[in-house]
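Worksheet: the structure to be examined is printed underneath.
The values are calculated or read from the model by the stated rules, or taken from the named source; none is laboratory data. If you're wondering where the values come from, they're calculated on a predicted model, not measured in any experiment. Glycine also receives a Cβ, built like all others from the backbone with ideal geometry; neighbour counts cover every protein chain displayed. Note: accessible area is taken over every heavy atom of the protein model, side chains too, but ligands, DNA and RNA are not part of it. Shrake-Rupley method; radii C 1.70, N 1.55, O 1.52, S 1.80 Å.
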Amino acid sequence: MEDTKHLAVFTTLLVERSPQALPMGAACVASAVKNSSLTKGFVRAELLTLTMEDEFLCGLSDDEKAEKVADKILLEFPSVDCVCMSVYVWSKTVLEKASLALKKKNGGIVIVAGGPEITANPLGMKGVDFSVAGEGELAVPKLLHSVFSSDKSGKREESFGIQGVFYLGDSSSVSGETYASAKAIPAELEELSSPWLDGTIRAGDYGGALWELARGCPFKCSYCYESKGYAKIRRFPQERLDAELELFAKEKIPQVFVLDPTYNADKKRALDMLRKIRRTCPATFFYFEARAEFIDAEIARAFASINCSVQFGLQSSDPLVLKNVNRSFNKNLFKKNVSLLNEHGVVFGFDLIYGLPGDSLGGFKNSIDFALGLYPNNLELFCLSVLPGTKLFEDAKGFGLEWQDFPPYHVVNSPSFKSGDLQKAERLSRAVNLFYTEGRAVPWFNSVVGMMREKPSVFFEGFSGFLESKKGGGGLADVLSLLQIEALQKEYVFLRLKSKGLQKYTALVGDIISLNGALSRCQGEGEECTLELSWHPDDLMSQYASDIPFFYANCGREKNRTRVFPTANGPDWTVL
């Protein structure tokens, strides 16, 4: 083994720098290179995190961003020998251009690309020397050892016989068509080093952590990369997870996003881990993805015993639409199990996708109405992406789908969801996100809309038009504070009350929105404030306030000034 260290920089381009958006894939492969017997002491692995929000990239075109990314890599690591890029839907265009720019600036740099976009099409990215399809922890150390070994330094015209590795040669002539390939051989998870434990990545740099508990998924939803992945769940060894949990506790990590798409598929393991979290990291907030059909009272109680939120991929409330993408759905069971979460006070949210094969604008609205009727803490709405490398990509033309042939591959037309309706769904999704999710409206939303005898989707269609009128008048900023969103909520709700002859409830509804908003900001941001209220806060936060007409008729007014403030046990209030 040579004494000379070759420098390999592992990088990606994230949408933002946050606990949810950190370079986990690049860090895992960099950690493997650090610890592999083939590259340890031979290749020095460095992690470089780049984001679209970085000041030096803001406001630039893709071409300009690419030049800046190339310059940044060379400035930070002037002696770099190899750049390994983790490529995703949102970053492919810029990273491809950055690869070409790097080659122009230093033709001797070896560029390796991997990640979901490359796995789907290993021969579809210009400017790179090698691509790696599938998991890279075994393949990349083998590749770097081969590339930098003196006896093979002149043999870059081949992939060195490594499964899942492809030599791209003259990248200017690479085809953009999807390439069906053998993926790299995955490592046994117990053999992998932890990028958290070996210091490759530090949670403190991102305000939290992505915590990988397992790989693979037993379900085969056709729009997901896992639709053509490994059929079984592979779990990381408990000893590693325990050590990582201890590290998060030691470093006082505020939030952890758990990477396990079916966390509660194994009930015993899920319960055991929740008990360990409660003992080890009681102050940390955890985010889980779970399947509603596996929820029972015991699991609900366990989730309620820690600081957490649970996200469920509902996607649609129409069983026939879900069947088209290889998902099953029992609406009654879903409602029953979600009610257990509400019963035990678990924070949870849903994902919905518009543009699914067989769905329509009306069906999407029905899904919104169904979802919001279950009181989720958030509702995440997405346009369907027909991702290369998924089963849906193969089936899409049979469904009559039309989609972008470039990232993010959004569907643009279908027999049942025409392009104009997709645009309406996009505007409706933005309205729901701003008013309900960003506006933290869950405590009072159903009470207010129920009093109006209006479906949530109709209410939000009106709010979408309301927002458009604000934008047209130049009265709406691109980024809104919580107080600005609250002001919009009140203005729109008051207009709706008046239009339905319910304006007598305006002051009461205003008090309910104001007090819940203040408590939310106190809980989330530690903000203290003083409110001018017309009803006593104890009454406003009672169960009777959920029936607004009853409350209005039976609870007397009591004008007051109420101070909302944080305590060790959460937000509290006192009447001044």
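Below, the figures for the structure above:
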| read-out | value |
| --- | --- |
| Residues located in region 558-570, provided they are open to solvent by less than 90 Å² (accessible area, probe 1.4 Å) and either within 13 Å of residue 530 (Cα to Cα) or at pLDDT 95 or above (or both) | 560, 562, 563, 564, 565, 566 |
| Among (1) closer than 20 Å to residue 21 by Cα; (2) surrounded by fewer than 19 Cβ atoms within 10 Å (Cβ to Cβ); (3) touching a helix residue (DSSP H, G or I) at 6+ places or on another chain (Cβ under 7 Å); (4) of a type in the set (A, V, I, L, M, F, W, C), the one test that residue 271 misses | (1) |
| Any hit, region 358-374, residues being in contact (Cβ under 8 Å) with a residue 40 or more places away in the chain and of a type in the set (Phe, Trp, Tyr) | yes |
| Only one of 144, 138, 189 that is modelled with pLDDT of 90 or more, surrounded by fewer than 19 Cβ atoms within 10 Å (Cβ to Cβ) and of a type in the set (A, V, I, L, M) | 189 |
| Subset tally (residues that are part of a loop (DSSP other than H, G, I, E, B) and either farther than 25 Å from residue 142 by Cα or open to solvent by 20 Å² or more (accessible area, probe 1.4 Å) (or both)) for region 201-242 | 19 |
| For residue 97: the one exception among (1) exposed (fewer than 13 other Cβ atoms within 10 Å of the Cβ); (2) in a helix (DSSP H, G or I) | (1) |
| Yes/no for residue 352 being farther than 27 Å from residue 205 by Cβ, aliphatic (A, V, I, L, M) and either without any contact (Cβ under 8 Å) to a residue 12 or more places away in the chain or not in a strand (DSSP E or B) (or both) | no |
| Those residues of region 91-107 which are closer than 13 Å to residue 71 by Cα and among the basic types (Lys, Arg), in sequence order | 97, 103, 104, 105 |
| Filter pass, residue 76 being of a type in the set (D, E, K, R) and under 27 Å from the mean Cα position of the chain (by Cα) | no |
| Single residue of 110, 69, 147 found to be of a type in the set (A, V, I, L, M, F, W, C), touching a Lys or Arg at 6+ places or on another chain (Cβ under 9 Å), without any contact (Cβ under 8 Å) to a residue 60 or more places away in the chain and closer than 27 Å to residue 36 by Cα | 110 |
| Failed criterion for residue 197 (all others in (1) part of a loop (DSSP other than H, G, I, E, B); (2) modelled with pLDDT of 95 or more; (3) under 19 Å from the mean Cα position of the chain (by Cα) hold) | (3) |
| Leading residue by the ranking (least open to solvent (accessible area, probe 1.4 Å)) among those in region 116-135 that are among the hydrophobic types (A, V, I, L, M, F, W, C) and modelled with pLDDT under 90 | 120 |
| Within region 292-314, considering residues that are part of a loop (DSSP other than H, G, I, E, B) and in contact (Cβ under 8 Å) with a residue 40 or more places away in the chain, the one least open to solvent (accessible area, probe 1.4 Å) | 295 |
| Wholly within region 373-487, helices (runs of 4 or more DSSP H) carrying at least 3 residues that are within 30 Å of residue 523 (Cα to Cα) | 419-432, 445-451, 456-472 |
| In region 326-356, residue surrounded by the fewest Cβ atoms within 10 Å (Cβ to Cβ) [restricted to those that are over 20 Å from the mean Cα position of the chain (by Cα) and hydrophobic (A, V, I, L, M, F, W, C)] | 333 |
| Search result, residues across region 375-403 that are open to solvent by less than 20 Å² (accessible area, probe 1.4 Å) and touching a Lys or Arg at 6+ places or on another chain (Cβ under 7 Å) | 390 |
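Conditions (1) touching a helix residue (DSSP H, G or I) at 6+ places or on another chain (Cβ under 9 Å); (2) closer than 13 Å to residue 140 by Cβ; (3) modelled with pLDDT under 95; (4) open to solvent by less than 20 Å² (accessible area, probe 1.4 Å), marked per residue:
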{"position": "12", "(1), (2), (3), (4)": "yes, no, no, yes"}
{"position": "17", "(1), (2), (3), (4)": "yes, no, yes, no"}
{"position": "22", "(1), (2), (3), (4)": "yes, no, yes, yes"}
{"position": "26", "(1), (2), (3), (4)": "no, yes, no, yes"}
{"position": "31", "(1), (2), (3), (4)": "no, yes, no, yes"}
{"position": "59", "(1), (2), (3), (4)": "no, no, yes, no"}
{"position": "65", "(1), (2), (3), (4)": "yes, no, no, no"}
{"position": "76", "(1), (2), (3), (4)": "no, no, no, no"}
{"position": "84", "(1), (2), (3), (4)": "yes, yes, no, yes"}
